[in-house]
Amino acid sequence: MFRRKEEPSITAARVAALREAAAAEIEHERLRAQLNREQQEAAAEHARRQAVADEQERRRRQAARRVERAESRQRRREARAQFATKLRPVLPLLLINGGAAYAQGAYAYSEIAPADWPAPSRLAFAIAFAAALESIAVYVQWHAHDALMLKAHATAASLRRAAWVIAAVVAAINYAHFADGLTPTAAAVAFALLSLLSPWLWGLHTRRAQHVQLLAEDADLIDDAGVEFSPRRRRMFPIRSLMAARWSIEHNERDPRKAWDGYHAERAARTTAHTADRAARKAARAARKQEQTAPTVDQPTSDVTMTSTTSPADVTPPVKRARPKALTTAEKVTRAATKLPAGTVAEIAAKAGVSESTARRHMPAPVTSPSDPGTAETTPELAVNGHHH
């Protein structure tokens, strides 16, 4: 059979279709290759970014671990520093109590624990005995410390006294353990002092802790002991430095210069006032002495004639002058004569504290009655200020 020959147009169309299909296939393969290439690039970029992120995360974790380790070391360092700070003031107490406990343990091991016990049992008993005996005063003193830090001052004081009594008893026990009868030995005195000094050292630690607490709360709560002058000033002016420090305590002054100036200003004012007062007293004493030693001046008075119809009540009394604080000799004699109207000159002189001649010279003259014989025509004289005219 012979194949039928196609028309050229159909053949050309088929060739064109095959050509287009091949071109489309080639384009499809190109696009697929490009897509694969882009996907591979995206995957590679993702892998690279993931690797970078993983590396950054690893470095971040390493940095975080380094920071955490550094912070942990810093915390441990601070904890050790705090522990050392707390242990430093308490370490002498622990050493002293440890020495006293060793003495008690040694005595308990050799003298109190039964000899037939094994060595570990005797050692455990000695340690327990020493710890129990020495911890009594320490425990009471610790409660006193805690009470003072809580501002329970009365409770702290009573607990400190109890701790002193307990420490004294334990010290006596230590002394009795190692003394030769009543004769002191070096071990007896040393171990007794170790037990006895424990409350005193605890008191030092407690006062320091209270001072630090008050400083943390408010520095004004601390009672300042006044200013502190330089050693050279204290050597040059020991008395004035002491008095200025006393002045600063009284006036709550903390500045040394202000305390020094304030004390000297007060000292100068006090000296001026004392000098003025002394001068006034001296002037007063001189005035009194001058009044006592000055001669008496008769005061002029007018004569008063008394007739038979005139009574002494009608006589106008003389004008009295103001008397000084200290009586004159004439006034003393007149007052004594008034108190002793029937007394002799000697009695009046003794009463007035003067001699008989002075008393006789200043004695007031008696008033003569008009009815007396021989005196009707004479005018009586009145005594004025201890003198008659």
Consider residue 355 against the criteria (1) modelled with pLDDT under 50; (2) among the small types (Gly, Ala, Ser); (3) under 30 Å from residue 287 (Cβ atoms): it satisfies all of them except one. Which criterion is unmet? (1)
For segment 178-192, name all the residues that are more than 42 Å from the chain's Cα centre (by Cα) and open to solvent by less than 40 Å² (accessible area, probe 1.4 Å). 179
Check whether at least one residue in segment 117-135 is of a type in the set (Asp, Glu), touching a residue at least 40 places away in the same chain (Cβ under 8 Å) and either closer than 22 Å to residue 91 by Cβ or out of contact with any Gly (no Cβ under 9 Å at 6 or more places or on another chain) (or both), and report yes or no. yes
Hits in segment 145-156 (condition: surrounded by fewer than 13 Cβ atoms within 10 Å (Cβ to Cβ) and of a type in the set (Gly, Ala, Ser)): 154
Go over the candidates 286, 269, 279 one by one and state the one that is within 30 Å of residue 241 (Cβ to Cβ) and either in a loop (DSSP other than H, G, I, E, B) or modelled with pLDDT of 80 or more (or both). 269
Out of everything in segment 193-216 that is within 20 Å of residue 159 (Cα to Cα) and polar (S, T, N, Q), what residue ends up being surrounded by the most Cβ atoms within 10 Å (Cβ to Cβ)? 195
Can residue 75 be described as surrounded by 10 or more Cβ atoms within 10 Å (Cβ to Cβ) and of a type outside the set (Gly, Ala, Ser)? yes
Within segment 82-99, is even one residue under 27 Å from residue 201 (Cα atoms), among the charged types (D, E, K, R) and part of a helix (DSSP H, G or I)? yes
Selected residue [farther than 18 Å from residue 204 by Cα, of a type in the set (Gly, Ala, Ser) and open to solvent by less than 30 Å² (accessible area, probe 1.4 Å)] from 108, 115: 108
Going residue by residue through segment 134-143, is there one that turns out to be closer than 27 Å to residue 196 by Cβ, aromatic (Phe, Trp, Tyr) and assigned to a helix (DSSP H, G or I)? yes
Looking at this structure, is residue 126 assigned to a helix (DSSP H, G or I), among the hydrophobic types (A, V, I, L, M, F, W, C) and closer than 30 Å to residue 179 by Cβ? yes
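The values are calculated or read from the model by the stated rules, or taken from the named source; none is laboratory data. If you're wondering where the values come from, they're calculated on a predicted model, not measured in any experiment. For neighbour counting, all protein chains shown are included, and Cβ atoms are generated from backbone atoms with ideal geometry for every residue, glycine included. For accessibility, only protein heavy atoms count, side chains too; no ligands or nucleic acids. Shrake-Rupley method; radii C 1.70, N 1.55, O 1.52, S 1.80 Å.
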